[in-house]
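One structure is given here, and the rest of the page talks about it.
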Ligand SMILES: [Zn+2]
């Protein structure tokens with residue numbers, strides 16, 4: 001049967017959505033060393049990370065609204081009581097990264113940290129223009145338009161002008177790098193040899209560990225420039241995106257070379 005292109009894309013989007021809806025929740029240990037333990041919690045293909053170091057716990061990103069109990073269950077299965085998490089750093093304010101922030105803040109008193117550049121987005125509870133980067137993204141956009149997450153206030157805003165923030169104040173060895181690119185208030189978190197990059201780049205359903213351009217981006221050029229900046233950092237070997245991944249540094253380098261050549 002030959003389907004018109006538009007319909008074919010709709011079918012692809014429906015299949016992707018169905019896959020995301022029924023993909024199994026999983027916890028993956030990324031590092032378990034004498035220095036620290038890092039676990040990735042994947043619910044409906046939205047990654048949340050928890051970093052443990054010297055008895056301190058830090059969460060990166062917060063997934064989609066409605067998935068609170070699924071993240072909680074995964075954390076408890078990995079021996080993490082959410083009440084012992086001190087702070088959650090949002091890589092940006094989109095719905096699939098800030099969606100459960102209100103819950104974790106209210107229920108467990110977790111301090112929420114985000115970029116001040118995304119303050120308008122957080123005030124709009126995620127309902128903002130997403131700037132689709134492809135036709136498939138436009139179709140995905142139709143399913144997201146008007147969706148909002150439960151409102152919350154940042155306990156602390158990180159300004160892009162304030163420079164890098166040392167995570168030592170939260171008991172963890174690493175940095176928050178304010179990094180407008182995917183959104184004005186995006187931030188990258190570096191810990192050891194790992195960079196947690198939010199939606200600066202993404203993996204896909206069929207090729208989880210192959211870097212691809214994220215579906216929604218308002219300034220592609222700025223985003224590429226930011227990817228190059230993180231690639232230039234010494235000691236970062238692994239990239240951990242908001243969706244799928246991880247990527248070795250070399251794979252991101254290849255992705256960027258190919259993008260700049262297009
Ligand atoms: Zn995003």
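For helix 220-231, what angle does its Cα long axis make with the longest principal axis of the chain, in degrees from 0 to 90 and rounded to 10? Value to nearest ten degrees: 40. Each semi-axis of the equivalent ellipsoid for the range 54-137 is √(5λ) with λ an eigenvalue of the Cα gyration tensor; in descending order they amount to 25, 15, 11 Å. Taking the C-alpha atoms only, the angle from helix 249-261 to the longest principal axis of the chain is near 40 degrees. Report note on the peptides 25-35, 182-192, 229-239, 116-126: ranked by the mean count of other C-beta atoms within 10 Å, highest first, their order is 182-192, 116-126, 229-239, 25-35.
With only Cα atoms counted, the range 5-261 has Rg and Dmax values of 17.0, 54 Å.
Restricting to Cα atoms and excluding each atom paired with itself, what does the Kirkwood estimate give for the range 172-229 in Å?
Roughly 12.0 Å, rounded to one decimal.
Across every pair of non-identical alpha carbons in the range 161-262, the mean reciprocal distance, once inverted, gives a Kirkwood radius of 13.7 Å. GNM on the chain, alpha-carbon springs under 10 angstrom: the most fluctuating residue among 66, 203, 162 is 162. Between residue 259 and residue 141, the simple label model (points 7 Å from Cα in the Cβ direction) yields a spacing of 1.8 nm.
Using the alpha-carbon atoms, what tilt in degrees (0 to 90, nearest 10) does helix 5-22 show relative to the longest principal axis of the chain? That works out to roughly 30 degrees.
None of the figures in this text is laboratory data; all of them are computed from the coordinates on show. Predicted model only: the values in this text are computed from it and were never measured. Ideal geometry is used to build each Cβ from the backbone, glycine not excepted, and the neighbour counts take in all protein chains shown.
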